[in-house]
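Student: Dropping the structure in here first, questions after.
Since every read-out is calculated from the coordinates, none of them should be taken as a lab result. From a predicted model like this one, the values you see are computed outputs, not experimental measurements. Because the Cβ atoms are built from the backbone with ideal geometry, glycine has one as well, and the counts that use them run over all protein chains shown.
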Amino acid sequence: MVKSETSVWEDCLELIRGQVGEQSFRTWFEPIKPLRLDNDTLTIQVPSQFFYEYLEEHYVHLLRQCIQNELGPGGKLEYSVIVDSGSVSNQAYSVTLPNQNKNKNHWDNSNGRQEIVSPFEMPSLDKNSRYSNLNPNYSFENYIEGDCNRLARSAGIAVAEKPGITSFNPLMIYGGVGLGKTHLVQAIGNKIGEASANNFVLYVSSEKFTTQFTDAIKNNSIQSFTNYYLQVDTLIIDDVQFFSGKEKTQEMFFHIFNHLHQSGKQIIMSSDRAPRDLKGLQDRLLSRFKWGLTADLQMPDFETRMAIIMRKMQSDGIYIPDDVVEYLAYSVDTNVRELEGVLISLIAHATLNKTDINLELAKQTLKNIVHDIESEVGVDYIQKTVGEYFQISVDDLKDKTRKKEIVIARQVAMYLCKEYTNHSLKSIGYHFGGRDHSTVIHAVQSVSDMMDIDQKFNQAIEELKKKMKMKLV
Ligand code: ADP
Ligand code: MG
């Protein structure tokens, strides 16, 4: 009797059924279709590349055993992978891949026998209580737009409106710490969740993903881990730089990524640096990141920082005078989280001391917070900068000379030392040719007075202050 592909595969399934758990059988074997049988080669059709890779990683021995039972020692298995173009037309085409038939070094060295029969149920598998990990406070409405984030923000909105359909898949957002990555990716997730309750959005940090995965290995529950992630419609992975050097986790993520992507599911990722600078990530994973869109976040400019502060005040129902808003926006140019931190301390100080928020308090608060950074602007730097500005040598600044223009420059330098360093008055005097602290007090006072009455002088000081700030970045 001549065997057909169907009968051969049915016999194989019989064998497989006895070897793997019910759940695995349904997940990984039922969807397979036998396509053809040419001599001793059986071709089976699998739904995706991920499926093929998964079978090869986990069931290669079992499959080989079945095929050889059925077709003799020369029996071969070939895969035909349905590649979903992901577009509306949904046209599928096949790629035939030979069975690799080699013992790959993979994370679960099972030969298919030890598949978990009853994987533990993850709470989120219950469709009614899909737990997305999203923080509803992160929205697009309170994500202020500026040049710093325009591309990322609008790509985010496009993705949120049509998850899985735009070419921004995956969407990769990168930028330094505190610049709004988590906020943005969560805003996308929230918007998708609001628009469609059927879209299973999952936010997870790569750290958490790694822990879940390692636990799954420990508890022998890889299957349920995988099943869980394969149900996700929008997967948001925050801080993928954390995957660096974690080979097995990357492998797992790679599979999940491929599967979701091929099924037209949306993937959103964030990273603290550009993909090209992600060391310790496998090339094949990095190349996937480039399939979609990569957009960066920069530090917001002055106006955007003002808008962020005002938005925050509005939502907290707090009033802060304009000059304080300006002062904060001007002074805190490291990142948005720090800006918010300063704002919170300022409010706390005002509340505790039962005072109004004013410029004085803002300066005081800021001084305490950015203490560490400010120490980077040293006396030497100030003397050099002021010397260059007034075209006077540093030696002259320290000298006894009482020439008017030198005296003024020296006083300005002392004033800036008082503002930007942690040196005591005594120490500042010491650095200016061993003058005493009363000279420094006098200098600081004179400069302040002059700033009040002389517009041009005031401008000069502002310019110098900018130079100090630049040094602080
Ligand atoms: P990251 O994940 O990049 O480290 P976060 O998303 O945690 O940064 O942002 C830090 C803080 O700054 C959050 O409280 C966030 O709401 C706020 N933030 C960042 N960018 C903006 C923005 N453009 N508009 C409003 N708030 C922002
Ligand atoms: Mg973050």
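Student: Modelled label-to-label distance, SER244 and MET470, 7 Å Cα→beta-carbon offset: nm?
Tutor: My value for the distance between the label points is 3.0 nm.
Student: List the residues, sorted by chain then number, that are 5 or more residues from SER139 or on another chain and whose placed amide H is less than 5 Å from its amide H.
Tutor: Residues meeting the criterion, in which the H sits 1.01 Å from N, do not exist here.
Student: Return one number: the angle in degrees, 0 to 90 and rounded to the nearest 10, between the long axis of the Cα atoms of helix 181-195 and the longest principal axis of the Cα atoms of the chain.
Tutor: 50
Student: Here's something else I'd like to know. Please list the non-local residues whose amide H lies under 5 Å from the amide H of THR41, H modeled 1.01 Å from N, same-chain partners needing a gap of 5 or more.
Tutor: LYS76
Student: Set the Förster distance to 51 Å, then compute FRET efficiency between ASN39 and LYS208 from the Cβ-Cβ distance, nearest 0.05.
Tutor: Working: r = 50 Å, r/R0 = 0.97.
Computed FRET efficiency for ASN39 and LYS208 comes out at 0.55.
Student: Can you bin every Cα-Cα distance in the chain into 20 Å intervals starting at zero and give me the percent of pairs per bin, rounded to whole numbers?
Tutor: Values per bin, smallest distances first: 20, 37, 24, 14, 5, 0.
Student: I would also like to ask the following. Tell me, how many Å apart are the Cα centres for the stretch 1-69 and for the stretch 312-353?
Tutor: That distance is 63 Å.
Student: Counting only other residues whose beta carbon sits under 13 Å from that of HIS437, what net charge do I get with K and R as +1, D and E as -1?
Tutor: Value of the local net charge: +2.
Student: Express as a percent, rounded to the nearest 5, the fraction of DSSP beta bridges in the chain (both residues included) that run antiparallel.
Tutor: 35
Student: Helix 336-352 against the longest principal axis of the chain: what's the angle in degrees, Cα atoms only, rounded to the nearest 10?
Tutor: Tilt of helix 336-352: around 60 degrees.
Student: Kindly provide the helix-only [θ] at 222 nm of the chain, computed as the sum of -39,500 (n - 2.57) over DSSP H runs of four or more divided by all residues, to the nearest 500 deg cm²/dmol?
Tutor: Helices in the chain give a 222 nm mean residue ellipticity of -15500 deg cm²/dmol.
Student: Give me the orientation-averaged projected area of the Cα convex hull of the stretch 372-463, in nm², one decimal.
Tutor: If you wrap the Cα atoms of the stretch 372-463 in a convex hull and average its projections, you get 5.4 nm².
Student: So for HIS442, HIS58, HIS349, fewest C-beta neighbours within 10 Å to most, what's the order?
Tutor: Least crowded to most crowded, the residues run HIS442, HIS349, HIS58.
Student: I need the phi-derived Karplus couplings for the stretch 295-305: 6.51 cos²θ - 1.76 cosθ + 1.60, θ = phi - 60°, integer Hz, Gly and Pro marked x.
Tutor: So the J values, rounded to whole Hz, are 10, 10, 10, 10, 5, x, 6, 3, 5, 5, 5.
Student: If I fit a long axis through the Cα atoms of helix 437-453 and take the longest principal axis of the Cα atoms of the chain, what angle between them do I get, 0 to 90°, rounded to 10?
Tutor: Helix 437-453 sits at roughly 80 degrees to that axis.
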